[in-house]
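The values are calculated or read from the model by the stated rules, or taken from the named source; none is laboratory data. Quick caveat, the model's predicted, so the values are computed rather than measured. As a convention, Cβ positions derive from the backbone with ideal geometry for all residues, glycine included, and neighbour counts pool all protein chains shown. Note: areas computed on protein heavy atoms with side chains; ligands, DNA, RNA excluded. Shrake-Rupley method; radii C 1.70, N 1.55, O 1.52, S 1.80 Å.
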Amino acid sequence: MWGGRFAEGPAAVMREINASIPFDKRMWRQDIAASKAHVAMLATQGVVAQEDAAAISAGLDTVAADYEANGVPDDLTLEDIHMLSEAKLAAAIGPVAGRLHTARSRNDQVATDFRLWVRDAIDQTRTALAALDAALLARAEQHAGDVMPGFTHLQSAQPVTLGHHLMAYHEMIARDATRFADARARMNLCPLGSAALAGTGFPLDRHATAAALGFDGPTRNSLDAVSDRDFAIEYLTAAAQCSLHLSRLAEEFVLWASQPFGFVALSDQWSTGSSIMPQKRNPDAAELVRGHAGRITGCLVSLMVTMKGLPLAYSKDMQDDKPPVFECHDLLGLSIAAMTGMIESATFRTDRMRALAESGYATATDLADWLVREANVPFREAHHITGRAVARAEALAVTLDQVPLADLKAIDPRIDDRVYSVLSVDASVASRTSFGGTAPDNVRAAIRAARGE
């Protein structure tokens with residue numbers, strides 16, 4: 001490619017370290033699409049003859065068909081997907097193929113192809129997240145009224161419903177979807193036509209090229225266009241945040257599937273066994289989702305560290321921008337699909353959830369609230385009174401709603417028999433009607449709102 005300047009070819013190690021074709025071949029569809037848009041614009045502007053443009057476009061279709069049928073070879077001598085495609089185009093149509101690279105550098109070419117690839121990745125991720133969210137909403141609706149313990153510090157805190165708990169993850173996934181949408185909107189400008197770094201003297205119509213590729217317009221600064229990888233970092237940032245949410249949900253499934261909890265039974269499809277212990281059902285899919293979050297976060301850090309010290313415009317370090325993005329996309333796609341499958345097929349043991357909600361004095365706050373509301377007791381005093389009531393229940397080895405009224409009145413004479421109306425777990429969750437609260441009617445309303453009903 002640059003034989004006019006160099007008398008000798010590269011060393012074997014140089015050829016290997018310099019080549020990116022083993023990974024950037026994933027962008028072949030984007031490279032073909034951008035090349036076709038570029039040559040069509042060149043023809044419209046009179047930079048390339050119409051017959052040459054037609055031959056190039058047809059030749060690119062031939063190259064694409066070959067990739068589709070036979071895959072993309074790892075030809076290190078051709079370095080990257082861009083040079084490989086150009087070489088294959090030349091083999092298909094002859095010297096006219098050389099006109100394709102008019103008014104284009106690999107710098108703006110790769111920046112365009114990579115944006116197109118990341119944009120496609122975002123669209124795929126948003127589709128997958130929509131399926132995950134639909135699964136969450138369906139199971140939340142099914143269990144809108146099923147009581148479970150709510151935890152803080154992994155200690156039983158207050159009763160909630162399983163539907164409310166699952167809807168918390170809906171909120172996380174909904175935020176993730178907006179982050180990907182925001183990243184897509186910001187990145188949707190086309191670098192093609194920026195050339196190496198300074199633009200070009202050819203009479204290009206960059207707006208036409210941008211429109212042909214589905215961009216909102218061209219990038220506004222040629223230096224920034226070829227050196228910007230914000231779009232990849234934003235994608236990785238959104239992916240890392242999403243993976244953290246998936247990891248938290250996966251951790252819940254790991255805990256809930258354990259015998260001490262016994263809240264959920266994962267289907268055979270999402271469990272594994274042990275090579276030595278026949279009784280085991282391991283939540284390996286959930287554990288791998290949890291593990292993938294670390295790798296995805298590592299992908300973000302990798303690209304950020306690569307970019308942090310680079311001057312304008314293009315530096316060869318930026319060739320390493322793609323592996324972490326590709327790895328992240330693969331891992332995130334697997335994680336979302338795995339969590340969707342686990343949620344859809346899980347059997348929630350709501351009887352076990354209720355039993356633990358009833359056993360942990362989770363309605364203690366309801367007693368304190370009752371004292372404030374019905375007996376005009378300051379909350380801090382009510383908190384102290386309730387603590388003594390919990391201690392009495394522990395001493396009697398009963399739940400709060402089973403403590404005799406005489407014992408409660410001995411703690412504080414202002415307590416009367418009306419208190420029992422708030423001490424059951426069902427009464428507790430039903431009372432939490434504030435906006436965003438766990439009351440079953442609230443949960444059902446939140447589900448309808450999430451579905452746009």
Dipole of the chain [Lys/Arg +1, Asp/Glu -1 at C-beta], most positive-end residue of SER345, SER271, PRO260: PRO260
In sequence order, calculated HN-Hα J values of the range 338-347 (Karplus, 6.51, -1.76, 1.60; Hz; x Gly/Pro): 5, 5, 4, x, 5, 5, 4, 9, 5, 9
Percent carbon-and-sulfur accessible area, the chain, ignoring ligands, DNA and RNA, probe 1.4 Å: 54 percent
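Given +1 on the Cβ of Lys and Arg, -1 on the Cβ of Asp and Glu, and no further charges, what dipole in debye does the range 160-228 carry about its Cα centre, rounded to the nearest 20?
20 debye
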Accessible solvent surface per residue of the chain, calculated while the other protein chains remain in place, 1.4 angstrom probe, Å²: 46 Å²
Integer Hz, Karplus 6.51/-1.76/1.60 couplings in order for the range 116-127, x for Gly and Pro: 4, 5, 5, 4, 4, 4, 4, 4, 5, 5, 5, 5
Amide H contacts of ALA157 (H built 1.01 Å from N, under 5 Å, at least 5 apart or other chain): GLY150, PHE151, THR152
3J(HN,Hα) from dihedral phi, the range 84-98, Karplus parametrisation 6.51/-1.76/1.60, rounded to Hz, x for glycine, proline: 4, 5, 5, 5, 5, 5, 5, 5, 7, 10, x, x, 4, 4, x
Counted charge near THR363, where neighbours are those whose Cβ lies closer than 12 Å (Asp, Glu -1; Lys, Arg +1): -4
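With a sphere of radius 15 Å drawn around the Cβ of GLN269, what net charge do the other residues whose Cβ falls strictly inside it have (Lys, Arg +1; Asp, Glu -1)? Each step should come with its number before you reach the end.
Working: positive: ARG281; negative: ASP268, ASP284, GLU344.
Taking every Cβ under 15 Å from that of GLN269, the sum is -2.
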Paramagnetic label zone (point 7 Å from Cα along Cα-to-C-beta, GLN279; backbone N under 16 Å) in the range 226-270: 258-262
Evaluated at q = 0.16, 0.17 Å⁻¹: base-10 log I(q)/I(0), Debye formula over Cα of the range 117-157: -0.64, -0.66
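I need the peptides 124-137, 271-284, 26-39 ranked by packing, meaning the mean over residues of other C-beta atoms within 10 angstrom, with the highest value on top.
Working: 124-137: 18.5, 271-284: 12.0, 26-39: 22.6.
Result, highest mean Cβ count within 10 Å first: 26-39, 124-137, 271-284.
With respect to the cross-link table entries LYS25/LYS308; LYS36/LYS88; LYS25/LYS316, which display a Cα-Cα separation exceeding 24 Å?
Working: LYS25/LYS308 26 Å; LYS36/LYS88 15 Å; LYS25/LYS316 17 Å.
Beyond 24 Å between Cα atoms: LYS25/LYS308.
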Cβ-placed point charges (K, R +1; D, E -1), dipole of the chain about Cα centre in debye, nearest 20: 480 debye
Cys residues of the chain counted as unpaired, since no other Cys beta-carbon is under 4.7 Å: CYS190, CYS242
Dimensionless Rg/Rh of the range 1-141 - Kirkwood Rh, Rg from C-alpha atoms: 1.11
Mean separation of Cα contacts under 8 Å, 6 or more apart, over the residue count of the range 246-339: relative contact order %: 30 percent
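What is the extension gain from SER345 to ALA445, computed as 0.36 nm multiplied by their sequence separation minus the C-alpha to C-alpha distance, in nm to one decimal? Please report the intermediate quantities before stating the final value.
On the way: separation 100, 0.36 × 100 = 36.00 nm, distance 2.41 nm.
Additional length available on full extension: 33.6 nm.
I'd like to compare 353-364, 370-381: which one has the highest average count of other Cβ atoms within 10 Å, and what's the full order after that?
Values: 353-364: 20.7, 370-381: 14.9.
The peptides rank, most packed first, as 353-364, 370-381.
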For VAL264, residues with placed amide H under 5 Å, excluding near neighbours: ALA257, ARG349
